[in-house]
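What follows is a short report on a single structure.
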């Protein structure tokens, strides 16, 4: 009966069944290829993000290490004696000087020899720095290691965004770029979790495993940037890379290569450094970018990151130990890093910046009030010993909701391609310069004007920046480059 029914089917019906079956097979094959392509892209991105994690470990490395370096116990402190406050400030701040230097050699390596070689080269000073910190017994080698780690950070902040933007498709570039901030903040968390409970040697050896893992994995997995390959006229290699990353369809890849070639051709005319100062529009963009980036550092964010455990120890909270408080802060930093990527294209950059900065300003003031009451009055603060932890939790939620990453995003939208590298160099150097000043003289400020007054000073800088953003920073959400240029040309704000 079944055979009879099958044979009785019309030829048209049979053709339809065969067509549906063929379509399903094709969809399956396309889906399989797409999954394979997406998996390769994700694997590449996650491998690169290991280097981002290694970068920001260096930022919070000081928080669990400084209490050990102040110890008189030779089994805890690798030095013959406890460090001085001046030595502490140099250990904390020298990475900023290295980060000012890093963009120049690594930018050259990335342009001359390729993004892949540049990224692999960044991991080497990280490995050397962590191993030096693990086994050295003098403060001068610590200075060397921190400076070397800073150079790697400067290189990482230069090449990582560039590489991820160039391997991503237009449709997922924002999401892939957003993973950097997530893994940077994950790097902030790691020292808080591991540092207090391991020796100086094992702590740094564990940290050295991350850039080492990146080097091995990326050496075998990571493709060269298709933009770099096309720029160097290595078309067959670029085609092979794009087939892996974006599409297994050769015609689609060929179209993509033509588009990239056209894009690179448009950007052949590169402006020089002084072109930044010949246009009123560029000057306005530079002023806005510098105010945002400098205000970000003057909010005290890096001082808090570097000295988190010491700040909680000074607050004298008894309910939660400084070590556990630091871990809580690290978790908050990591989780709140998801806020800005989710909201910046919905609510707009300007609104997020304003609410973020207002929250940072208020929490700085509250934090300052606690330390002022503790050190400058006879008020018993034991009943509000929870306030520093709560204040810093709220501080980082507001900071990561906009002010930690949006100044960089906005600055990248205010300049055309021909002058963007020069503007980025000025902005990056300014950021690390003020980060150095804040972290180097944080303890001097505490001793000179008081710890409470120092946080009030940070809050005051935030308030000034808030006023500036309200009157002068334009909204860039959903606007083309030409529209942004017109806004800067005709007026300061919208």
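Please treat every number below as a calculation from the coordinates, not as lab data. These numbers come from a predicted model, not from an experiment. FYI the Cβ positions are ideal-geometry reconstructions off the backbone, even for glycines, and counts take in every protein chain you see.
Give me the percent relative contact order of the chain, please, defined on Cα pairs under 8 angstrom at least 6 residues apart.
Numbers: 683 pairs, mean separation 97.6, N = 494.
Relative contact order, the chain: 20 percent.
Order by neighbour count: 240, 284, fewest other Cβ atoms within 10 Å first, most last.
Values: 240 16, 284 19.
Ordered by Cβ neighbours within 10 Å, fewest first: 240, 284.
Relative to the present Cα-Cα distance, how much length would full extension add between residue 71 and residue 193 at 0.36 nm per residue of separation?
Result: 41.9 nm gained on full extension.
Within the range 191-205, what residues put their amide N at less than 17 Å from the label point 7 Å along the Cα-to-Cβ vector of residue 87?
It comes to 200-201, nothing else.
Under the definition of Cα pairs under 8 Å and six or more residues apart, what whole-number percent is the relative contact order of the range 29-222?
In percent, rounded to a whole number, it is 37.
Quick one: if the Förster radius is 51 Å, what FRET efficiency do residue 483 and residue 375 give, using the C-beta to C-beta distance and rounding to 0.05?
Details: r = 51 Å, r/R0 = 1.00.
Working from the Cβ atoms, E equals 0.50.
Arranged by the count of other C-beta atoms within 10 angstrom, fewest first, what order do 380, 56, 49, 447 take? Walk me through the numbers before you get to the answer.
Values: 380 9, 56 25, 49 21, 447 12.
Least crowded to most crowded, the residues run 380, 447, 49, 56.
If each DSSP helix of 4+ residues adds -39,500 (n - 2.57) and the sum is divided by the residues in the chain, what number results at 222 nm, nearest 500 deg cm²/dmol?
On the way: 24 runs with 386 residues, N = 494.
It lands at -26000 deg cm²/dmol.
Test of understanding: ordering 361, 209 by Cβ neighbours within 10 Å, fewest first, what list do you get? Working shown, then result.
On the way: 361 23, 209 12.
Going from least to most buried by this count: 209, 361.
Defining a contact as two alpha carbons under 8 Å apart and six or more residues distant in sequence, what relative contact order in percent does the range 275-494 show? Provide the component values of the computation, followed by the final result.
Working: 266 pairs, mean separation 79.7, N = 220.
Reported relative contact order: 36 percent.
Would you mind calculating the gained length between residue 143 and residue 175 on full extension (0.36 nm times residue separation, minus the Cα-Cα distance), in nm to one decimal?
On the way: separation 32, 0.36 × 32 = 11.52 nm, distance 3.67 nm.
Between residue 143 and residue 175, full extension yields 7.8 nm more.
First measure r as the distance between the Cβ atoms of residue 42 and residue 441, then evaluate 1/(1 + (r/R0)^6) with R0 = 45 Å and state the FRET efficiency to the nearest 0.05.
With a Förster radius of 45 Å, E is 0.55.
Say R0 is 35 Å: what FRET efficiency, to the nearest 0.05, do residue 111 and residue 467 get from their beta-carbon distance? Numbers along the way, then the final one.
Details: r = 39 Å, r/R0 = 1.13.
In this case the efficiency is close to 0.35.
Given that just one value was derived from the coordinates, which of (1) 70, 62, 45; (2) 67, 61, 40; (3) 98, 58, 49 is Cα extents along the principal axes in Å?
After the calculation, the listed value that fits is (3).
Give the distance, in whole Å, between the Cα centre of the range 38-113 and the Cα centre of the range 371-419.
21
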